[in-house]
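Inspection log for the structure reproduced underneath, given as structure tokens.
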Amino acid sequence: MAHRWGMVVDLDRCTGCEACVTACHAENNIPTVGAAEAARGRAMHWIRVERYWEGEFPEARLTFRPVLCQQCDNAPCEAVCPTYASHQTDEGLNAQVYNRCIGTRYCANACMYNVRFFNFFHPQWEKPLQLQLNPDVSLREAGVMEKCTFCVQRIKAAKSEARAEERELVDGALQPACAQACPAGALVFGDLNDPESRVARLSESPRGSKLLEEYGAEPKITYLQRQGWHEPDAQ
Amino acid sequence: MNRTRNNPLADDLVRPLFHTSVWFYGAVLVLATVVLAGAAAWGYQLWYGIGVAGINWPVFWGFYLTNFVFWIGISHAGTLISAILRLVNARWRRPVTRCAEVITVFALMIGAMFPIIHLGRPWLAFWLAPYPSAREIWPNFRSPLVWDFFAINTYLTGSLMFLLLPMIPDFALVRDRSTGWRRRIYGALALGWQGTTKQWHRLESGMQIMAIAIIPVAVSVHTIVSFDFSMATVPMWHSTIFGPYFVAGAIFSGIAALIVAMAALRKLLHLEAYLHPVHFENLGKLLLLMSLLWAYFVFAERLTVWYGNEHSEMAVFWATQRGEYAPLYWAMVVCNFVIPFPILALRQLRTIAGTVVASFAVLIGMWLERFLIIVPSLAHKPLPYTWGDYAPQPVEIIIMVATFAAMILLYMLFSKFVPIISIWEMKVGNQPHPPVVTEAEDELAGLWRARP
């Protein structure tokens, strides 16, 4: 059976440390645009940690939610792309073909999660930072859209390694950079079509829900809700 | 020949083609400079990347798409109005139709440039066209942008034919009055027009077919433009009302553009004898109707959103109603309703000056409406963490101003090369009581046959 890659995000475990964001930038050659451009809303983070306050001071409470491409089964970004740059792969990934993208940015508007990022200028790296670029990931030129790939280069590499060694993929051995870097283990990645995988079991959890589920995009990322919160003096 | 020469009507209307004042050259020079500045701004954007515009994450569409929708809306002035007036055989339409149809063609050409200007990689825009290639990839027919591509091209082709068909007899008339290179050019454009009964008959049936065919095309174009927005589940975009709402808004701004253009032509080309106050009065009534219709649509849209009280939609609703976009929103309401309604509703104010004032207000208001549909929604998508804002950058403003200059420039040049009022249609209209049109045709045919 074909793989169907998915993820579980345990909000109870997320500390908001943003190690996932840093790891993603390093793995996927995501350009940093500088403070001025970032202030204009041009920063690119394929995964971000959304920070929300609940309640009023002094009872305010800080919560985090890592948001990355939800790899929707019924993805709104794919239908609207005039050139098929955005499309669904056989393994359920929302792929973005950079060479096919003409930069209408319609996909980014149609995506209710705002997890698509546009190269407003040619990416630049200060020397000698260009030496740390990942050779497995192509660079994107000005005018094209980019987004989380679930580290498709790692998926490809793990599959060909397993094929060479004539074995099945081992659950947990293959991880995208964000999940690998998460110190709290809040991000769990795996094959949803393998009923024994950790991600498949966790996504059945009663704590599980999808982000903006009401839009019907059928995301493949499940969020596990925080459990009981006790006020310090109530304990 | 003598009859042609002694025809005061034709003399009057052909005059701008043969006599040009120094002011005209001055105006052309100024406008051409502005258009060139716009071209330079686009070149600058091509060189450095679309990042020189103000668009950002999450407001990926800004001024360019606002202008796209605005100009496509303006294009509904001409062909649609002229086709309807032709079909209902409104006699007062005769001096109005051509200057209306020209607006359509030029506004479409300008509007259709914006989706290309706004692309990240505009040199690849041709990928929207289905053509056989080694890649074996066709455009994605599920994408509203591909629907746009076909709708706009169909409308542009149809409008061009609708404009050019009734120009043929007038080209022949100019041909017969000119000498030298002019005669050769207009002779070619006249396509061998001799004014025979058969030719008149074919022209009439051609016009009839085009007038009927162009109406559904025009309605579909702005409906499909609205689909660019309403097909996406973005707050306050995803609405079933958008199709008719956009079409009504397009006709609204289109009539306003037509009134402004007619007033300018009347003044500058001294066409007082042809464009009467009654034309402005009638178009003013149409504008009044569209203003009421627009207000009704806005009320219906806003009330249902407010009553539904859905979280993400309310964020956009309040941002426009009393938040950061409220000044623009209320300016839009004033321009589209508060100013034009009393002017157009009171007969004493529905003069040429009055309708022009109302039309200017409507043009500003409808531009704001397009902006307010696009930007506040993108700035307030469902996850509050991703809210943003938008400020236009100089390059976007220069390109926008340049397109307005381009519109005026194209219109001025057109009125220099083609009689802006359809001469033969005026003549047909001048027949005291034409029981059947063919009688008038026969007389006209004789008129053309008499040429040397």
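Computed from the coordinates by the stated procedures, all read-outs in this text should not be read as laboratory data. All values reported here derive from a predicted model rather than from experimental measurement. Here Cβ is always computed from backbone atoms with ideal geometry, including for glycine, and neighbour counts include all displayed protein chains.
With runs of 4+ DSSP H residues as the only contributors, calculate the mean residue ellipticity of chain B at 222 nm using -39,500 (n - 2.57) per run, divided by the residue total and rounded to the nearest 500.
So the calculated ellipticity at 222 nm is -23500 deg cm²/dmol.
By counting other Cβ atoms within 10 Å of each Cβ, how are B:Ser75, B:Ser133 ranked from fewest to most?
B:Ser133, B:Ser75
Which order do B:Arg302, A:Arg48 fall in if you start with the one that has the fewest other Cβ atoms within 10 Å?
Fewest-to-most Cβ neighbours within 10 Å comes out as B:Arg302, A:Arg48.
Calculate the length of the line joining the C-alpha centroid of the range B:272-348 to that of the range A:1-27, in whole Å.
48
Please compute, for peptide A:109-122, the average count of beta-carbon atoms on other protein chains lying within 10 Å of each residue's beta-carbon.
Per-residue shielding by partner chains comes out at 6.
How many angstrom separate the Cα center of the range A:88-127 from the Cα center of the range A:145-164?
The range A:88-127 and the range A:145-164 have Cα centres separated by 17 Å.
Can you put B:Thr79, B:Thr33 in order, fewest other beta carbons within 10 Å first?
Ascending Cβ contact count within 10 Å gives the list B:Thr33, B:Thr79.
Compute the relative contact order of chain A as a whole-number percentage, counting only Cα pairs closer than 8 Å that sit 6 or more residues apart in sequence.
Across chain A, relative contact order equals 30 percent.
Can you grab the distance from the C-alpha centre of the range A:186-218 to the C-alpha centre of the range B:172-203, Å, no decimals?
73
Rounded to the nearest whole Å³, what is the per residue volume of the convex hull around the Cα atoms of the range A:1-102?
Value for the range A:1-102: 178 Å³ per residue.
Hey, what's the Cα Rg ratio for the range A:22-82 versus the globular rule of thumb, 2.2 N^0.38 Å?
Expressed relative to 2.2 N^0.38 Å, the Cα Rg reads 1.52.
In a solvent-free Debye calculation with one equal scatterer on each Cα, what is log10 I(q)/I(0) for the range A:5-228 at q = 0.10, 0.15, 0.16, 0.18 Å⁻¹, listed in the order of the q values?
Debye output, listed in q order: -0.47, -1.08, -1.23, -1.51.
Quick one: compute the contact order of chain B, relative version, from alpha carbon pairs under 8 angstrom and 6+ residues apart, as a percent.
Over chain B, the number comes to 30 percent.
Give the span of chain B's Cα atoms along each principal axis, as three whole-Å numbers ordered largest to smallest.
Answer, in whole Å and largest first: 78, 60, 42 Å.
Give me the three principal axis extents of the range B:22-88 from the C-alpha atoms, as integers in angstrom, largest value leading.
51, 43, 13
From the Cα trace of the range A:156-235, what convex hull volume per residue do you get, rounded to a whole Å³?
149
Pairs A:Lys159/A:Lys210; B:Lys285/B:Lys427; B:Lys267/B:Lys416; A:Lys147/B:Lys381; A:Lys210/B:Lys381; A:Lys147/A:Lys210: which exceed 21 Å Cα-Cα?
A:Lys159/A:Lys210; B:Lys285/B:Lys427
Mean shadow of the protein assembly as shown, computed from the convex hull of its alpha carbons, in nm²?
Spelled out: convex hull of the Cα atoms, projected over all directions, averaged, 38.0 nm².
Given the C-alpha atoms of the range B:38-177, compute the convex hull and give its volume per residue in Å³.
Output value, Cα hull per residue: 186 Å³.
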